[in-house]
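The values are calculated or read from the model by the stated rules, or taken from the named source; none is laboratory data. All figures in this text were calculated on a predicted structure; none of them were measured in a lab. We place every Cβ from the backbone using ideal geometry, glycine too, and count neighbours over all the protein chains shown.
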Amino acid sequence: MATRQLGAKKLRVLPGFKLTLGYTLLYLGLIVLIPLSAVFIKTSTLTWAQFSHTVFSPQALAAYRLSFGASFFAALVNAIFGLVVAWVLVRYNFFGKKLVDALVDLPFALPTAVAGITLATLYAPNGWIGEWLAPFGIKVAYTQLGIFVALTFIGLPFIVRTVQPVLEDFDPELEDAAASLGANRRQIFWRVIFPTLTPALLTGFALAFARALGEYGSVVFISSNIPMKTQIVPLLIMNELDGFQYARATALAVVMLVVSFLLLLSVNALQWWSNRYNTNNLA
Amino acid sequence: MTAAETINAPHRMSEPPFMRWLLIGIALAFMALFLVVPLVSVFAGALKQGFGFYFQTLRDPMTLSAIKLTLIAAGISVPLNCIFGVAAAWAIAKFDFRGKNVLLTLIDLPFSISPVISGMIYVLVFGAQGWFGSWFSDHNIKIIFAVPGIVLATIFVTFPFVARELIPLMQAQGRTEEEAARVLGASGWQIFWRVTIPNIKWGLIYGVILCNARAMGEFGAVSVVSGHIQGLTNTIPLHVQILYESNNIAGAFAVASLLTFLALVTLVLKTWVEYKNTALRGTAFTPVPFGKKSN
């Protein structure tokens, strides 16, 4: 490696490599890597029995089930409606389109605490939306359904923003070709357009799912935080921290970090797949 | 070929008008239900007890100290992450070295970590039972449940924002302009200020806008390291929580309306920068991994 760098150095015309890379690594180490390693080091002080007792406790298992379930359905709903929103924004013209496009990013720009109290108030039995659902016996706030609503809100932009650019780049000549070969509109969508959107759709789904798994701020207000019922994993970790049970909190955090890492890997694989797809299309 | 195109163009298939309006209707209804109604309800909730109460809440010393702390946290974390973003982008875009992809993944890491865990890691390092906890308490320096912890947690959650805007931008621009300046005798800093900065100006502004929005709005990570001491370790989002949980709903929404206003300003500025520089479009907050080129 040293010889490689020395070899490359001859070609380097620009200054500042050591300074900028050194600073990047130092800052990354101090802010991210060293503190993050504390999670694993702290967890390693537990015996396996203690670790498994924490991460496989009934309360933890219920929290995983709720976190994964609510995040999955929230991402699914966003995949369907996000695709419709992206389609409409790219393909059609209507009044206020620019405004709608800008508004898509609101869940990212709006602090999660604000989203949390707003959704909790809206979906409470006496809230603007909750009062319409209450006569049908549908309770949203302080139930699992409320958690799903909050996670849907925060995941909304992901699918739209991953699908939108792919749809914009889509060559309409492919549609013309399919049409000239006798395909109808439905066949063109499902056989020509949809397959090219699949990698982007899955990427957006995975990103929304990953974000929902870790979400705290928007859920804490709309969830009643009852163990086994409405407690997602980040809330459980927070409870352990509040009780100064740091080792238990880090054990649960390790589980979360491993899951996030696997999701990150799958997103990277999807990205690679979609890039390959695009190159094939160009060829 | 061009003749054929012009002939074909009007025949290009689209959905029948009924289908088109149905899809537009579904999209707008979904957006209205999930985005517009919550947005309107924030301001309605804030003004529920009248303008007098609204301004009284905003002028409250506890609110003012929360605003001050949020400005401090953002004022420190945004410039630091800016410097980091420029340095990382310079190293990654202007030079070739091994392990670049690993570095890119590591820079993105804070995005894929739950805010609760982001705050927790600093408790593990600096907390009373943490690695350096006893050293800091011996020297009477308080980090956790104090302002430095809040600043650190804010730096962590906003860590990738500027870097991930600048890296793809500078990679796309290449290094020929800087190399030309070098050959003409410019020094490193001259190249940086006169060639690179004008080229990356919009990307940098874009990154700062997004970074600032997250820095001022962060709740989960800051919540872990703050002691929730009113007037001392309360940021605006934490103050919203305290007011809400003490059943001062109108007060909570009054303070929340400040953050909502900030979010709307962020969206306007973001749209304006995208209009100025179309290359930045779509990269906003969505953490699509590096390496994605929309050709």
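When A:F95 is tested against the conditions (1) of a type in the set (A, V, I, L, M, F, W, C); (2) surrounded by fewer than 20 Cβ atoms within 10 Å (Cβ to Cβ); (3) in contact with a helix residue (DSSP H, G or I) (Cβ under 9 Å, 6 or more places away or on another chain), the lone failure is (3). For A:A251, indicate whether it is among the aliphatic types (A, V, I, L, M) and in contact (Cβ under 8 Å) with a residue 12 or more places away in the chain. Answer is yes for this residue. The numbered conditions (1) outside any helix (DSSP H, G or I); (2) within 11 Å of chain B (Cβ to nearest Cβ); (3) of a type outside the set (S, T, N, Q); (4) over 30 Å from A:V166 (Cβ atoms) are all true for A:L46 except (2). Close Cβ contacts (under 7 Å, 6 or more residues apart or on different chains) running from residues in the stretch A:264-283 that are under 23 Å from A:F209 (Cβ atoms) and more than 10 Å from chain B (Cβ to nearest Cβ) to residues that are in a helix (DSSP H, G or I) and at pLDDT 80 or above comprise A:S266/A:A206; A:W273/A:P199; A:Y277/A:T196; A:Y277/A:P199.
Considering A:I159, A:I154, which residue is β-branched (V, I, T), touching a residue at least 60 places away in the same chain (Cβ under 8 Å) and farther than 14 Å from A:S218 by Cβ?
From the options A:I159, A:I154, the qualifying one is A:I159.
Within the stretch A:234-262, the only residue that satisfies the criterion of being buried (at least 24 other Cβ atoms within 10 Å of the Cβ) and within 15 Å of A:A150 (Cα to Cα) is A:P234.
Residue-by-condition table, conditions (1) more than 7 Å from chain B (Cβ to nearest Cβ); (2) more than 10 Å from the chain's Cα centre (by Cα); (3) modelled with pLDDT of 90 or more:
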residue: A:R161; (1), (2), (3): no, yes, yes
residue: A:L167; (1), (2), (3): yes, yes, yes
residue: A:D171; (1), (2), (3): yes, yes, no
residue: A:L174; (1), (2), (3): yes, yes, no
residue: A:L202; (1), (2), (3): yes, yes, yes
residue: A:A208; (1), (2), (3): yes, no, yes
residue: A:R211; (1), (2), (3): yes, no, yes
residue: A:G214; (1), (2), (3): no, no, yes
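Considering the stretch B:254-266, the residues that are facing chain A (nearest Cβ under 7 Å) and of a type outside the set (G, A, S) include one that is farthest from B:F219 (Cα to Cα), namely B:T266.
Among the candidates B:V116, B:V86, which residue alone is crowded, with 16+ Cβ neighbours inside 10 Å, at pLDDT 90 or above and farther than 23 Å from A:L14 by Cα? Going through B:V116, B:V86 in turn, the sole match is B:V116. Checking the stretch A:210-225 against the condition returns a match, with at least one residue being of a type outside the set (A, V, I, L, M, F, W, C), more than 23 Å from B:L35 (Cβ to Cβ) and in contact (Cβ under 8 Å) with a residue 40 or more places away in the chain. Checked against the criterion of being surrounded by fewer than 22 Cβ atoms within 10 Å (Cβ to Cβ), modelled with pLDDT of 95 or more and assigned to a helix (DSSP H, G or I), the candidates B:L238, B:L259, B:L264 yield just one match: B:L264. Which residue out of B:G45, B:G25, B:G50 is among the small types (G, A, S) and under 27 Å from the mean Cα position of the chain (by Cα)? Step by step, each of B:G45, B:G25, B:G50 is checked, and only B:G45 is among the small types (G, A, S) and under 27 Å from the mean Cα position of the chain (by Cα).
The number of residues in the stretch B:267-280 that are surrounded by fewer than 19 Cβ atoms within 10 Å (Cβ to Cβ), touching a helix residue (DSSP H, G or I) at 6+ places or on another chain (Cβ under 6 Å) and without any contact (Cβ under 8 Å) to a residue 40 or more places away in the chain comes to 1. From the residues in the stretch A:134-176 that are assigned to a helix (DSSP H, G or I) and small (G, A, S), which one is surrounded by the most Cβ atoms within 10 Å (Cβ to Cβ)? So the residue we want is A:A150.
Restricting the first member to the stretch A:98-113 and to residues that are facing chain B (nearest Cβ under 7 Å), and the second to residues that are part of a helix (DSSP H, G or I) and polar (S, T, N, Q), the beta-carbon pairs closer than 8 Å and six or more apart or on different chains are A:A102/B:T271; A:A109/B:T266; A:L110/B:T260; A:T112/A:S218; A:A113/A:S218; A:A113/B:Q241. If you go through the stretch B:110-128 and keep only what is closer than 19 Å to B:L166 by Cβ and either in contact with a helix residue (DSSP H, G or I) (Cβ under 6 Å, 6 or more places away or on another chain) or more than 9 Å from chain A (Cβ to nearest Cβ) (or both), you end up with just B:P110.
Among the residues of the stretch A:216-241, not one is facing chain B (nearest Cβ under 9 Å) and either of a type in the set (D, E, K, R) or on the phi > 0 side of the Ramachandran plot (or both). Among residues that are at pLDDT 95 or above and in a helix (DSSP H, G or I), B:L103 is not included. Scanning the stretch A:14-43 for residues that are among the hydroxyl-bearing types (S, T, Y) and without any contact (Cβ under 8 Å) to a residue 40 or more places away in the chain turns up A:T20, A:Y23, A:T24, A:Y27, A:S37. Tell me, please, whether a residue that is part of a loop (DSSP other than H, G, I, E, B) and of a type in the set (K, R) can be found in the stretch B:175-184. Yes, the conditions are met somewhere in the stretch B:175-184.
Per the listing B:G188, B:G174, the residue uniquely among the small types (G, A, S), surrounded by fewer than 16 Cβ atoms within 10 Å (Cβ to Cβ) and more than 8 Å from chain A (Cβ to nearest Cβ) is B:G174. Of the residues that make up the stretch A:123-132, is at least one more than 12 Å from chain B (Cβ to nearest Cβ) and over 24 Å from A:P227 (Cβ atoms)? Yes.
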